[in-house]
Amino acid sequence: MRPLAALLLSASVALLAACSRDATTPRTDASAHAARPSEPTVGPTDPARRNAYYLSTCALCNRPLGYIGPAIDHTHAGRPLRFCATSCVDRFLADPAAGLAHADAVMIADQRPHYPPGPSIVSGRALGPAPVEIIWNNRLVRLADDDDRRAFLADPDRHLRALDDAVLAAQAPTYGMPTRCPVQGDILDDDVPIDIVIASRMVRVCCQRCVRVVRARPYQYLAMVDYANKEAAQRAAK
């Protein structure tokens, strides 16, 4: 049997290798949004990968997940949701339309303060005082009118990429963790950071492995990003 020290060393080496970048990836100035490495496009949007349920509360009753037992993952019509108990899953399934309307309202209220300013990402027209707001696979999209809505639904992937670009352009200059990956810690000098968007928030990670981790479990990392952004805004206001 191999000594314990050797096993620990082997595990550490494996973890570092998993989080390292391909040596052929060109270096980029991470401080400039225009030069950020873009996340590779691998095909149509996969809701389970790109838009996992991100809230730390139950999709139906708003209780903190884990408060009364392990959270329960449930996918409805391709949309990932999480519930605090089987009773909430049963209540949701009894009236999915009402359950989705509730989850949408919570997500709209949560994401609206982070949504990028400016016109509709579909038509370029001003949103006006009462824009059309929809949740598409747990992402808020704000549109000028029902024509915009129909155009968005005809090609959501293309318009979500435009929305991601708008979020990053708006948030990169004041991002609160420019040199810290929420998963791995310090972003090292030889890392090429990757900026992604989760629930209308920019998140900067150190490698593709951490992209997968954050996209799979955003509820573990968004609170860290939100806190860092709040602290940065308070320092800037002084």
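Tabulated data
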quantity	calculated
Dipole of region 171-218, positive direction: furthest Cα of Cys206, Pro218, Thr179, with charges on the beta-carbon	Pro218
Cα-based shape type of region 84-238, given that a ≥ b ≥ c are square roots of the gyration tensor eigenvalues and the cut on a/c is 1.5	oblate
FRET efficiency estimate (nearest 0.05) - Cβ-Cβ, Tyr67 to Ala232, R0 30 angstrom	0.50
Whole-Å distance, taken between Cα centres, linking region 99-122 and region 194-230	18 Å
Estimated distance in nm for a label pair at Thr86 and Ala126, the labels positioned 7 Å out from Cα along Cα-to-Cβ	5.5 nm
Given charges at beta-carbon only (K, R positive; D, E negative), |dipole| of region 115-171 in Debye	60 debye
Highest average packing first - 77-86, 191-200, 63-72, Cβ atoms within 10 Å	191-200, 77-86, 63-72
Neighbour-count order for Tyr227, Tyr219, Tyr53, fewest beta carbons within 10 angstrom listed first	Tyr227, Tyr219, Tyr53
Label-point separation in nm, Asp189 to Leu153, each point 7 Å along Cα→Cβ	5.4 nm
Cα gyration tensor shape of region 46-112, rounded if a/c is under 1.5, else prolate or oblate by comparing a/b with b/c	rounded
Gyration tensor (alpha-carbon) shape descriptor, region 175-238, a/c threshold 1.5	oblate
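Every read-out reported here was derived from the displayed coordinates using simple, explicitly stated rules and does not represent laboratory data. Source: prediction; values computed, not measured. Every residue, glycine among them, receives a Cβ derived from its backbone with ideal geometry; neighbour counts consider all protein chains shown.
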